[in-house]
Amino acid sequence: MKQFLSFVRKEFRQIFRDRRTLLILLIMPLMLVLLLGYAIKTELNDARVAVFDPSKDTETRRVVERLQASEYFTVVRELVSPDEIGEVFKSGDIGLVVVFSENFASDMPSGEASIQLIADGTDPNQASLLTSYAQGVLSSYQAELLEQSRIPTRIDVVTRMLYNPQGESAYNFVPGVMGVVLMLICAMMTSVSIVREKETGTMEILLASPMRPIHIILSKMTPYFTLSVTNVVTILLLAVFVMGVPVRGSLLWLAVVSAVFIVVALSLGLLISTLVDSQMAALLASGVGLMMPTLVFSGLIFPLESMPAALRWIADLIPARWYISAMRKIMIQGVDASCFAVELCVLLAMAAVLVAVAWKKFKIRLG
């Protein structure tokens, strides 16, 4: 029994000496519970709404006030022309547009008054939530009118999914899967590949060769860059010809944004390889440190609008969040470069910073 207890104490001391293991065992479960149980929510709050109101009567004002009073919506803009509807969706600032019919108030007794709810169908789950929330608010308003006036009042509510009329979930997940796959191949495999060379001792042999260190690193990254480009092409072919997902935007810009994101992911892999000394540590760092934030904070699964402000700031630091947003705009919305210029500039800035930091760290490790 004493021998058994001594071995147990030894194992406890070994665990407490290894800070990385301790973080995985104690801190990571707490972080997952906090993120998935408290911060991450599937419902939407304070969704940004635009209104096109050609009638501008008292009843439309009441409807807008009712939407504004709801916890789900924040009315941030009034449109002056129907042509602005497509523009506000392309900018990515608006999740729902409410369009009133002309002569709304005078048409209510006859049942000819109508409201059109237009949502961005690039994310069909979010669009369905927004339209269902809005329909609930409008139904409550109609019931209140009927109770007060005792006059039959009917408002025809029509929903429309812009860019994705059928509400196909593939329209949302294909750009997201591209971001996850590229992060997996580039960051994880690059970090493991370089750490493997350090573990086996062949990195010192390579560094002693006539090749310059920069050429060694580029030779390690080039195959993964090539495989990543091949995966982008393969995913796009499957998306278009098997799942029926359109590519409405420029293929050239799609290739440029993807290439920049691949460079970002490769730089993250190089940076991880300078911070760890074993393949298992590289797998954990890239899997837990990159894959989980990519899935949670990229907007692929959980809507960013429902997160607290602090987590939205964290999401802004996740490269996949900007890549997925840009790919949705290029593939599904078919916008020009000005509409995803912010996403591209952020990815370029991330690529420049990560390349500089990773290369500096790598040279320090070389001594």
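The values are calculated or read from the model by the stated rules, or taken from the named source; none is laboratory data. This one's a predicted model, so the numbers in the text were calculated from it and none came from an experiment. Neighbour counts are summed over all protein chains in view; Cβ atoms, including those assigned to glycine, are modelled from backbone coordinates with ideal geometry. Heads up: the accessible areas ignore ligands, DNA and RNA and are worked out on the full protein's heavy atoms, side chains in. Shrake-Rupley method; radii C 1.70, N 1.55, O 1.52, S 1.80 Å.
Span-like helices, the chain: DSSP H, alpha-carbon axial extent 24 Å or more, mean Kyte-Doolittle 0.5 or greater, which ones?
Once both thresholds are applied, what remains is 213-241, 251-275, 341-366.
Can you give the accessible area per residue of the chain, in Å², using a 1.4 Å probe?
About 52 Å² of surface per residue is accessible.
Near the amide H of T159, under 5 Å away, which other amide H atoms are found, from residues 5 or more places off or on another chain, if H is placed in the peptide plane?
L117
Using modelled backbone amide H atoms (1.01 Å from N, in-plane), which distant-in-sequence or interchain residues come within less than 5 Å of F73's amide H?
D46, A47
For the peptides 88-97, 184-193, what is the packing order when you average, over each peptide's residues, the other Cβ atoms within 10 Å and list the highest mean first?
Output ranking for 88-97, 184-193: 184-193, 88-97.
So I have [x] 36, 24, 20; [y] 30, 26, 24; [z] 50, 26, 15, and one of them is semi-axes √(5λ) of the Cα gyration tensor in Å calculated from this model. Which one is it?
After the calculation, the listed value that fits is [z].
Positive end of the dipole of the chain, charges at C-beta (+1 Lys, Arg; -1 Asp, Glu), about the Cα centre: which of Y133, V256, F104 has its Cα farthest in that direction?
V256
Leaving ligands, DNA and RNA out of it, report the carbon-plus-sulfur percent of the accessible area of segment 243-367 at a 1.4 Å probe.
73
Please list the non-local residues whose amide H lies under 5 Å from the amide H of L96, H modeled 1.01 Å from N, same-chain partners needing a gap of 5 or more.
A50
To the nearest 500 deg cm²/dmol, what mean residue ellipticity at 222 nm is calculated for the chain from DSSP H runs of n ≥ 4 alone, each contributing -39,500 (n - 2.57), summed and divided by the residues?
Per the formula, -19000 deg cm²/dmol.
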